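Chemist: There's a structure below that I have some questions on.
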Amino acid sequence: MTEQEAGLRARLVSVGVDLVTQEGAQSLSLREIARRAGVSHGAPRRYFPTHLELLSAIAREGFTELGAEVAEELRGGKEPGGGEESPRAQLAALARIYVDFALSHRGMYELMFRHDLLESNSLGLRETSLPLFNSLVELVGRVRPDVRAPDVAGVLWANLHGIAQLWGWGSLQLATGADGVEPLVRAALDAHLGPEPR
């Protein structure tokens with residue numbers, strides 16, 4: 001692939017990221033991405049043979065951004081006194097970042113977890129999401145060495161995903177009367193990890 005072709009491919013993905021951010025996942029037609037990129041409606045097919053491949057490339061950008069936010073938090077997780085944050089505090093930070101990302105990047109979040117994209121595994125999308133889940137498993141294992149960490153991490157992740165989805169739809173506020181998601185995230189952590197030590 002020439003530099004010019006790589007540049008156009010990157011532009012199509014960038015336009016898709018902007019489009020999903022501004023208008024949601026339902027707006028990501030090949031025709032609209034091509035129009036906004038200033039190319040013919042057939043041009044994306046030269047770089048992405050299927051619509052799923054282009055959508056997967058856009059979703060990878062979301063996983064990359066979320067993964068970078070989590071990695072930065074885990075790398076920089078220090079207590080005010082200079083010591084490293086406890087695994088429980090790191091898990092709480094990861095959970096907060098995850099839910100905040102889901103709520104502030106709703107279109108991208110919806111795209112990232114589309115079943116057809118993950119199932120097709122176009123461009124290795126499933127593998128792109130694994131480092132984040134592996135961080136969750138590792139931290140759960142450090143907090144709860146007495147449990148099978150992948151199972152607990154899986155249900156915790158499902159719980160956080162549900163909190164984000166239901167909050168985004170407005171359902172959770174109505175059901176719980178909560179003013180924000182933070183108490184719900186803390187409750188999810190307590191439910192799956194046990195109460196936080198005092």
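Every number in this text was worked out from the coordinates using simple rules, so none of it is lab data. Computed from a predicted structure; not experimentally measured. For neighbour counting, all protein chains shown are included, and Cβ atoms are generated from backbone atoms with ideal geometry for every residue, glycine included.
Chemist: Around L117, under 14 Å between beta carbons, what's the net of Lys plus Arg minus Asp minus Glu among the other residues?
Modeler: Neighbourhood net charge equals -3.
Chemist: Now a separate question. Label points 7 Å out from Cα along the Cβ direction at L103 and V155: separation in nm?
Modeler: Distance between label points: 2.5 nm.
Chemist: About the Cα centre, and with charges only on the beta carbon of Lys, Arg (+1) and Asp, Glu (-1), how big is the dipole of the stretch 1-129? Nearest 20 debye, please. Each step should come with its number before you reach the end.
Modeler: Working: 15 positive and 19 negative charges, 95 e Å.
Approximately 460 debye in magnitude.
Chemist: Across the stretch 168-173, in residue order, what do the Karplus-derived ³J(HN,Hα) couplings come to in whole Hz, using 6.51 cos²θ - 1.76 cosθ + 1.60 with θ = phi - 60° and x for Gly and Pro?
Modeler: x, 7, x, 6, 5, 4
Chemist: Can you pull the Kirkwood radius for the stretch 39-110, inverse mean 1/r over Cα pairs, to one decimal in Å?
Modeler: On the way: mean 1/r = 0.0690 Å⁻¹.
Over the stretch 39-110, the inverse of the mean reciprocal pair distance is 14.5 Å.
Chemist: Residue by residue, what Karplus-based ³J(HN,Hα) values in Hz, rounded to whole numbers, does the stretch 66-75 have, using 6.51, -1.76 and 1.60 with θ = phi - 60° and x for Gly and Pro?
Modeler: With the stated coefficients, the stretch 66-75 comes to 4, x, 5, 4, 5, 4, 5, 5, 5, 5 Hz.
Chemist: Filter the trypsin sites (Lys or Arg not before Pro) in the stretch 100-168 to those in DSSP coil with at most 13 other Cβ atoms within 10 Å of their Cβ, and list the result.
Modeler: Working: sites: R106, R114, R126, R142, R148; in loops: R114, R148.
Listed in order of number, the matching sites are R148.
Chemist: What is the sum of charges, Lys and Arg at +1 and Asp and Glu at -1, for the other residues whose Cβ falls under 10 Å from the Cβ of I33?
Modeler: Working: positive: R11, R31, R35, R36; negative: D18, E32.
Net charge in that neighbourhood comes out at +2.
Chemist: Kirkwood hydrodynamic radius, the stretch 1-49, all distinct C-alpha pairs: what's the number in Å?
Modeler: On the way: mean 1/r = 0.0929 Å⁻¹.
It is 10.8 Å.
Chemist: Mean shadow of the chain, computed from the convex hull of its alpha carbons, in nm²? Walk me through the numbers on the way to the answer.
Modeler: Working: hull surface 53.5 nm².
Result: a mean projected hull area of 13.4 nm².
Chemist: Would you please report the Å³ per residue occupied by the convex hull of the alpha carbon atoms in the stretch 97-159?
Modeler: In the stretch 97-159, the Cα convex hull volume per residue is 90 Å³.
Chemist: Against the longest principal axis of the chain, how steep is helix 3-23, in degrees 0 to 90 to the nearest 10, with axes from Cα atoms?
Modeler: Tilt of helix 3-23: around 60 degrees.
Chemist: Further, regarding this structure: Please build a GNM for the chain, connecting alpha carbons under 10 Å apart, and tell me which residue among L30, L174, L91 fluctuates the most.
Modeler: Highest fluctuation of the listed residues: L174.
Chemist: What list of ³J(HN,Hα) couplings, whole Hz, do you get for the stretch 35-44 from phi and the Karplus terms 6.51, -1.76, 1.60, once you set θ to phi - 60° and write x for glycine and proline?
Modeler: Along the stretch 35-44, the couplings run 4, 6, 7, x, 10, 5, 5, x, 4, x Hz.
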